[in-house]
Amino acid sequence: MVEPRDVFEPVLTARKAGLVACTHCARVWPLGQRRCGRCGGRLISRDRRSLSRVWAWWTVGLICYIPANLFPMLETTFLGKTSGDTIVSGAVLLAMHGAVPVALVILLASVCVPVAKFIAVAYLAASVQRGLPADPLRRTQLYELVEFIGRWSMIDVFVVAVLSALVQLSIVVSIHPGPAALTFALAVFFTMISARSFDSRLIWDSLEADAPRASGTKKIPAPAAPGGVLKDPQT
Amino acid sequence: MPQANELPGDLRDLIACPSCDALYRAAETAHGERAVCARCHHVLIAPLEGAILNIVALSLTVLLLLVTAVFLPFLKIEAKGLSHTASIFDAALAFADAKMVALSMAVLALIVFIPVLRASLLIFTLLPLLSHGRPLPGARLAFRWTEDLRPWSMAEIFVLGVGVALVKIADMARVELGTAFWLFAVLVVVTVWQDTIICRWTIWEALDREEAAHKRPSSVPEPDHG
Ligand SMILES: [Zn+2]
Ligand SMILES: [Zn+2]
């Protein structure tokens with residue numbers, strides 16, 4: 001028999017072996033057990049309802065993100081006159097003062113990352129729901145990227161916090177947080193929850209649904225056997 | 001249907017990829033080696049020499065840095081003969097003045113409380129393991145929480161935010177960086193370093209091993225691989 005070398009060959013998963021994996025500590029238990037005996041985490045073989053949670057938090061996040069862009073993030077009072085800056089107008093102002101790299105950081109963290117995150121999470125959830133045949137490895141990497149950079153959007157909230165705390169020079173100039181600071185923080189929070197609700201194991205299930213059932217005995221491979229350690233895919 | 005002969009006698013020898021559910025037999029991984037899931041490339045096991053000692057030491061450093069930073073001057077602004085100082089608390093509480101008390105609490109949690117909590121829980125979990133003592137009751141819950149809290153510990157993002165804020169007001173006023181600012185800068189390095197050396201599987205195995213060793217101290221050998 002020819003041994004397929006494709007990594008996307010349906011492998012033996014915990015579920016196919018009649019087990020449920022703990023996503024907290026990676027230990028496996030007999031299918032049907034509710035709580036992990038090692039770390040106490042909740043055991044769910046595949047969280048189908050996770051998709052509805054993803055969409056619910058995603059929607060709430062989007063609802064918060066729209067006013068976050070329309071209302072001022074910062075309100076500057078200069079000699080009694082108050083003016084507001086939204087995320088984009090604040091970055092444009094910064095760029096006009098010559099701080100182009102910092103303006104780009106702000107735009108990247110507050111506009112590009114959140115928008116890209118909304119699109120990425122929606123794509124991941126839809127791809128699982130529709131059973132798209134897209135490369136599962138790429139989608140897993142996309143998911144890990146979303147989880148990794150999503151939290152960095154919080155930077156703008158911290159900028160507002162520092163500026164409002166620091167720039168308090170009696171009647172000359174003072175800075176106060178605008179209403180968008182709150183909705184923006186909520187948008188980041190809800191999108192983080194949305195991404196974390198996603199069960200990435202669902203991405204790989206499409207490989208198994210139409211795959212022929214493995215016949216006979218299937219050996220469980222050892223990823224960590226000395227000498228047989230799989231190479232770091234990055235190198 | 002699972003075939004009986006597919007399954008080994010002891011489930012303890014198996015590891016499932018948390019990211020894609022692929023099932024593997026967990027074998028010893030040497031220090032510095034990485035066991036990676038064959039299909040999704042998730043790092044499953046990556047033990048490092050002396051990791052537990054280093055994690056405890058770094059957690060103590062985090063606690064020390066944060067607790068000191070909270071009480072030391074953070075930033076000072078000077079312009080047109082006027083000056084104003086702000087502590088880290090002031091930064092978090094900036095939203096409280098604008099009737100956003102909940103946001104103030106959240107910011108305080110993200111930059112101070114959660115990092116402190118994570119460091120404390122890690123010390124609580126790992127300190128007994130250093131002397132091969134029995135894990136404290138609740139150590140498992142504590143370690144699960146430290147991992148769940150990881151994305152919500154945002155001290156490093158806060159430091160970058162301070163940097164951006166300083167650039168924003170650079171041509172308006174002179175800003176003096178206080179000791180607390182530098183402590184926070186060190187904190188970023190320590191936190192990032194710590195997060196790269198935590199191998200969950202190794203710590204769970206260590207907790208299991210010590211627990212078993214203290215339950216039956218006599219002659220029962222610990223479960224062997226292979
Ligand atoms: Zn577990
Ligand atoms: Zn995997």
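Tell me, please, whether a residue that is closer than 17 Å to A:Thr59 by Cα, at pLDDT 90 or above and touching a helix residue (DSSP H, G or I) at 6+ places or on another chain (Cβ under 6 Å) can be found in region A:125-138. Checked against the condition, which is being closer than 17 Å to A:Thr59 by Cα, at pLDDT 90 or above and touching a helix residue (DSSP H, G or I) at 6+ places or on another chain (Cβ under 6 Å), region A:125-138 yields at least one hit.
Number of residues in region B:18-68 that are more than 17 Å from the chain's Cα centre (by Cα) and away from every other protein chain (no Cβ under 14 Å): the value is 2.
Close Cβ contacts (under 7 Å, 6 or more residues apart or on different chains) running from residues in region B:148-172 that are free of Cβ contacts under 8 Å to residues at least 12 places away in the same chain to residues that are part of a loop (DSSP other than H, G, I, E, B) comprise B:Val167/A:Ala99; B:Asp171/A:His97. Under the condition of being among the aliphatic types (A, V, I, L, M) and more than 12 Å from chain B (Cβ to nearest Cβ), the residues counted in region A:65-74 number 3. For region B:146-171, filtered to residues that are more than 13 Å from A:Met154 (Cα to Cα) and crowded, with 21+ Cβ neighbours inside 10 Å, the residue that is modelled with the lowest pLDDT is B:Lys168. Please go through region A:20-47 and pick out each residue that is away from ligand 2 (no atom under 16 Å from the Cβ) and touching a residue at least 12 places away in the same chain (Cβ under 8 Å). Selection gives A:Trp29, A:Pro30, A:Leu31, A:Gly32, A:Gln33, A:Cys36, A:Arg38, A:Cys39, A:Gly41, A:Leu43, A:Ile44, A:Asp47. Within region B:25-53, if we keep just the residues that are near ligand 2 (Cβ under 9 Å from one of its atoms) and out of contact with any Asp or Glu (no Cβ under 7 Å at 6 or more places or on another chain), the residue that is farthest from B:Pro128 (Cα to Cα) turns out to be B:Arg39. Of the strands (runs of 3 or more DSSP E) entirely within region B:18-108, none holds at least 2 residues that are within 16 Å of ligand 1 (Cβ to nearest atom) and surrounded by fewer than 17 Cβ atoms within 10 Å (Cβ to Cβ).
Looking only at residues in region A:76-87 that are out of contact with any helix residue (DSSP H, G or I) (no Cβ under 7 Å at 6 or more places or on another chain) and not hydroxyl-bearing (Ser, Thr, Tyr), which one is surrounded by the most Cβ atoms within 10 Å (Cβ to Cβ)? Steps first, please.
First pass over region A:76-87, keeping only residues out of contact with any helix residue (DSSP H, G or I) (no Cβ under 7 Å at 6 or more places or on another chain): A:76-84.
Next, only the ones that are not hydroxyl-bearing (Ser, Thr, Tyr) stay: A:78-81, A:84.
Numbers: A:Phe78: 14, A:Leu79: 7, A:Gly80: 7, A:Lys81: 7, A:Gly84: 16.
Checking each candidate, the answer is A:Gly84.
Output the number of residues of region A:16-64 satisfying the condition of being within 16 Å of ligand 1 (Cβ to nearest atom) and within 12 Å of chain B (Cβ to nearest Cβ).
In the first step, residues of region A:16-64 are kept if they are within 16 Å of ligand 1 (Cβ to nearest atom); the result is A:19-45, A:47.
If we keep only those that are within 12 Å of chain B (Cβ to nearest Cβ) too, we end up with A:19-31, A:33, A:35-45, A:47.
The number of residues fulfilling the criteria is 26.
Of the residues making up region B:109-117, not a single one is hydrophobic (A, V, I, L, M, F, W, C), part of a helix (DSSP H, G or I), away from chain A (no Cβ under 13 Å) and crowded, with 22+ Cβ neighbours inside 10 Å.
Spot the failing condition for B:Met1; the list is (1) away from ligand 1 (no atom under 16 Å from the Cβ); (2) within 9 Å of another protein chain (Cβ to nearest Cβ); (3) out of contact with any strand residue (DSSP E or B) (no Cβ under 6 Å at 6 or more places or on another chain); (4) at pLDDT 85 or above, and only one is missed. Only one criterion is unmet by B:Met1, namely (4).
The values are calculated or read from the model by the stated rules, or taken from the named source; none is laboratory data. Keep in mind it's a predicted model, so treat the numbers as computed, not measured. Cβ: placed from backbone, ideal geometry, glycine included. Neighbour counts: every protein chain shown.
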